[in-house]
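Structure record follows, encoded as structure tokens.
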Amino acid sequence: MNTETNAATGTATTRHARRWWDADGGWSTADTDADDAGTVLVIDSWLVDEGRVRGLDRHAERFRSACDRFPEPGADHTDRFMRAVAESLPARGRWFPRVELVETGPGTRLRMWLRPAPPRTETVRLWTPTGPDRRRLPAVKGADLDHLASLRAAATTAGADEALLVSTEGHVVEGASTSIVWWRGDTLCGPPPGPGLLPGITRSLLGELARTAGLQVVTEQATAPDLAGLPVWTLNALHGIRPVTEGLSRFQDTDAEAAERWQSRLAALAVPAGASLIPVVNP
């Protein structure tokens, strides 16, 4: 069996292990050779650090809402699946599990992919592709998985870390795997919600932290030139907050210092994975 060792635990784990969730409410014992079969329709993922997660209830709700676009598996079944996922997450080490709704010929099935978490990076360089935004369903995580992966690969080839997506009007929307926000003084800004924007979990958590601190949080449309003199951050579950150093905005050492202060506040929101799903999982 293909295994790897998690650096934080020193224990061997099945590499890129996927597990199917059966219709009767249990993990499948199907042949692992078929574990990567099917067409992925919806995904979600989050960071697990020593058994603790931030915003898992929100990730579960976003995943369930996206799955509800399809006739099956149904909200109750998806909720039971997410509870089982939470209960099966490792209590030690850093992990980046992914949940999936997969089309498998006659219907759809739910699957978990347990992956060791890549190292966190503290800054990010952006690259803007040419041509229009070709995503089909931007608000559904996973619907444009292959296209976004190709954009990130192109960004890497161009010497960057992330692809920046802009609207046909030239407004900054988001990254291929990140939300984008910026600061105007003490006001946290970001693109307005809508069908062209994935609801970012880390962005929502950061916005609540900012409001709790007495700061204003607003949405606005902005082009890249509009942000030339402002600190801009990318946000996602894996890396948290990363200041943009190239490709958009300005960058100063104080931007990195501010980002790390807010990163610490985000980290403090993490709770044990099982406890975080109580508000959204049906009895």
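The values are calculated or read from the model by the stated rules, or taken from the named source; none is laboratory data. Every value quoted in this text rests on a predicted model; they were computed, and no experiment measured them. Here the Cβ positions follow ideal geometry from the backbone for every residue, glycine too, while neighbour counts run over all protein chains shown. For the accessible areas, the whole protein counts, side chains as well, though only heavy atoms, and no ligand, DNA or RNA atoms are used. Shrake-Rupley method; radii C 1.70, N 1.55, O 1.52, S 1.80 Å.
The table below lists the values:
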quantity: 3 or more residues at pLDDT 95 or above and either under 17 Å from the mean Cα position of the chain (by Cα) or closer than 25 Å to Ser45 by Cβ (or both): qualifying strands (runs of 3 or more DSSP E) within the range 145-252; calculated: 162-166, 172-175, 179-184, 232-236, 240-246
quantity: Listing of strands (runs of 3 or more DSSP E) fully contained in the range 5-48 that carry 2 or more residues being open to solvent by 40 Å² or more (accessible area, probe 1.4 Å) and at pLDDT below 55; calculated: 12-14
quantity: Test result for Ile201, buried (at least 19 other Cβ atoms within 10 Å of the Cβ), in contact with a His (Cβ under 7 Å, 6 or more places away or on another chain) and under 25 Å from Leu148 (Cα atoms); calculated: yes
quantity: Given (1) under 30 Å from Trp95 (Cβ atoms); (2) open to solvent by 60 Å² or more (accessible area, probe 1.4 Å); (3) out of contact with any helix residue (DSSP H, G or I) (no Cβ under 6 Å at 6 or more places or on another chain), index of the condition Gly214 fails; calculated: (1)
quantity: Residues being under 16 Å from Leu235 (Cβ atoms) and open to solvent by less than 40 Å² (accessible area, probe 1.4 Å) - total across the range 114-137; calculated: 2
quantity: Tally, over the range 221-231, of residues that are open to solvent by less than 50 Å² (accessible area, probe 1.4 Å) and under 21 Å from Thr168 (Cα atoms); calculated: 4
quantity: Those residues of the range 224-250 which are over 28 Å from Thr78 (Cβ atoms) and free of Cβ contacts under 8 Å to residues at least 60 places away in the same chain, in sequence order; calculated: Pro225, Asp226, Leu227, Ala228, Gly229, Leu230, Pro231, Val232, Trp233, Ile241, Arg250
quantity: Val140 vs. criteria crowded, with 18+ Cβ neighbours inside 10 Å, farther than 19 Å from Leu47 by Cβ and modelled with pLDDT of 95 or more; calculated: yes
quantity: Members of the range 152-172 found to be hydrophobic (A, V, I, L, M, F, W, C) and open to solvent by 20 Å² or more (accessible area, probe 1.4 Å), listed by number; calculated: Ala153, Ala154, Ala158, Val166
quantity: Single match in Phe96, Phe70, Phe81, Phe63 (criterion: of a type in the set (Phe, Trp, Tyr), modelled with pLDDT of 90 or more and surrounded by fewer than 16 Cβ atoms within 10 Å (Cβ to Cβ)); calculated: Phe70
quantity: Residue in the range 271-282 that is touching a residue at least 40 places away in the same chain (Cβ under 8 Å), open to solvent by 30 Å² or more (accessible area, probe 1.4 Å) and in contact with a Leu (Cβ under 6 Å, 6 or more places away or on another chain) present; calculated: no
quantity: Out of Arg261, Arg265, sole residue that is open to solvent by 60 Å² or more (accessible area, probe 1.4 Å), within 22 Å of Glu122 (Cβ to Cβ), part of a helix (DSSP H, G or I) and touching a residue at least 24 places away in the same chain (Cβ under 8 Å); calculated: Arg265
quantity: Elements of type strands (runs of 3 or more DSSP E) contained in the range 60-129, each with 2 or more residues being charged (D, E, K, R) and either under 30 Å from Thr157 (Cα atoms) or touching a residue at least 12 places away in the same chain (Cβ under 8 Å) (or both); calculated: 98-103, 108-114
